[in-house]
Amino acid sequence: MVDLGKIPPTIWWEDGTVRMIDQSRLPLVGDLLVCNGYEGVCSAIAGMAVRGAPALGVAAALAVALWSETAGAAITDLRYYLGELDRVADEIAATRPTAVNLMWGAERMKRFARDNADAGLDALRPLVLEEALRVRAEDEERNRALGAHGAALIEPGSRILTHCNAGSLATAYFGTALGVIFTAHAEGKIAQVWVDETRPVLQGARLTAWELRMAGVPFRLICDNMAASIMRSGWVDAVIVGADRIAANGDVANKIGTYGLAVLCKEHGIPFYVAAPSSTVDLTLASGDEIVIEERDPREVTGFTVSGVIEPRTSIETKALDALTEAGPYSLGMTKGHQMELTRKGGAYQFDAWVRIAPPNVEVYNPAFDVTPAAYVTAIITEQGVARAPYGESLAEACCGTGALHELG
Ligand code: MRU
């Protein structure tokens, strides 16, 4: 077992609400978001307060349960309840397009409600909540199993490179790619982790670096464009990444920049591992060409978003901040399109800023993910075992097979 004691849970159910740590501002601001309605969870997904494929699956399931316990609680007709649950689940599933876990979580809740409708509406509602809690608990169990399978592939003294955040924060708990690293670290096998910063949203610099620091795993942060040179120097023994969707033939969609790393691995003879639970495998898609790639706000590329807490040092500063934030969030007037908003939270003052780095009105292309062809993937580590080419067979076995723990394929 690995003790990740200092890493908080990602998303959970408490007092009839869905709660999560707002990842859009981590690590410098760690706000707790409390969602009283499923719409709040939808906004959190769209705004990346919760992100990472497995965590999105859990968020979808909890959001459906939240609807069932709030708006759904007023419904007295079973057929109407089921129809509304389907509609809400579809709305949740449509908040982001690439990570299949999101659709998987929503679909699982729809199917569960239909399959248990015979219980009657009063009995069904608590069952729906129980099912969502089960989705969350199973995710952590899967990650821990996946971590053990992956760690068996890691040689002692390894220097591992990872991209984006496939850590505890990207799941209910423990992580996928980082789950492998945490487990291998507990076994004394990790010399160092190279952390790609992961432009444009910087999940590597903000989240992976934070998690590794909390877990006491030695790491060095690099800009994405440094990976090639580090590999050429012979300083990387393996690359491990997560996945947002894996097609039936083993093509892998993951954070933009992953494909480039896989090509570099082939060139330098470095194993390229993908760590993902079976809920990330989409056997309905023959190849990665069918995966919808999300395009995000151009402002992620033309500037940086930063948040922080202001600590007034004098009573004059406190008075000024109080005056500015008295009536709610205060937007400062700034030139060149930079933006900064001040907010008072309890006794603290927070700033959220977007700082422009490119000239105004530039054309931007901002795909959030890319597809790595299966030919570049050394192995796909799932909770069922390690799948290898030909992936058509090994992934089908991992997702629909006996569940026996062994080398698949
Ligand atoms: O845009 P994000 O932050 O949701 O993207 C996350 C990734 O690409 C992760 O690598 C992937 O979801 C796997 S997380 C275990």
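The values are calculated or read from the model by the stated rules, or taken from the named source; none is laboratory data. Here the structure is a predicted model, which means the values were calculated and not measured. Using ideal geometry, Cβ is built from the backbone for each residue, glycine included, and neighbour counts are taken over all protein chains shown. We work out accessible area using only protein heavy atoms, side chains counted, and drop any ligands, DNA or RNA first. Shrake-Rupley method; radii C 1.70, N 1.55, O 1.52, S 1.80 Å.
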Item to check | Count of residues meeting criterion [assigned to a loop (DSSP other than H, G, I, E, B) and surrounded by fewer than 22 Cβ atoms within 10 Å (Cβ to Cβ)] in segment 8-23 | outcome: 5
Checklist outcome for this item: Within segment 32-42, residues being open to solvent by less than 50 Å² (accessible area, probe 1.4 Å) and either in contact (Cβ under 8 Å) with a residue 60 or more places away in the chain or of a type in the set (Val, Ile, Thr) (or both) number 1
Next on the checklist: Cβ contacts < 7 Å: first residue closer than 14 Å to Ala276 by Cα, restricted to segment 48-60; second residue of a type in the set (S, T, N, Q) and more than 10 Å from the ligand (Cβ to nearest atom), any location; separation 6+ or different chain. Result?
Outcome noted: Pro54/Ser279; Ala55/Thr10; Gly57/Ser279
Checklist entry - Condition test on Thr335, is it surrounded by fewer than 16 Cβ atoms within 10 Å (Cβ to Cβ), assigned to a loop (DSSP other than H, G, I, E, B) and not aliphatic (A, V, I, L, M)? => result yes
Checklist outcome for this item: By residue number, the members of segment 135-155 that are of a type outside the set (Asp, Glu) and over 19 Å from Val195 (Cα atoms) are Val135, Arg136, Ala137, Arg142, Asn143, Arg144, Ala145, Leu146, Ala148, His149, Ala152, Leu153
Checklist entry - Looking only at segment 77-101, which residues are charged (D, E, K, R), assigned to a loop (DSSP other than H, G, I, E, B) and either away from the ligand (no atom under 16 Å from the Cβ) or in contact with a Cys (Cβ under 7 Å, 6 or more places away or on another chain) (or both)? => result Asp77
Next on the checklist: Residue under question is Lys319, and the condition is that it be of a type outside the set (Ser, Thr, Tyr), under 19 Å from Ser158 (Cβ atoms), assigned to a helix (DSSP H, G or I) and open to solvent by 20 Å² or more (accessible area, probe 1.4 Å); does it hold?
Outcome noted: no
Checklist outcome for this item: Expected single match for surrounded by 23 or more Cβ atoms within 10 Å (Cβ to Cβ) and not hydroxyl-bearing (Ser, Thr, Tyr) among Leu66, Leu26 is Leu66
Next on the checklist: So in segment 246-261, with the set limited to residues that are closer than 14 Å to Ala166 by Cβ and not aliphatic (A, V, I, L, M), which one is nearest to the ligand (Cβ to nearest atom)?
Outcome noted: Lys255
Next on the checklist: Just to check your reading of the model, which residue among Gly47, Gly52 is among the small types (Gly, Ala, Ser), at pLDDT 95 or above and under 15 Å from Thr208 (Cα atoms)?
Outcome noted: Gly52
Next on the checklist: It is to be established whether one or more residues within segment 186-193 are within 16 Å of the ligand (Cβ to nearest atom) and touching a residue at least 40 places away in the same chain (Cβ under 8 Å).
Outcome noted: no
Checklist entry - Tell me, which residue of segment 282-297 that is open to solvent by 20 Å² or more (accessible area, probe 1.4 Å) and not in a loop (DSSP other than H, G, I, E, B) is nearest to the ligand (Cβ to nearest atom)? => result Glu295
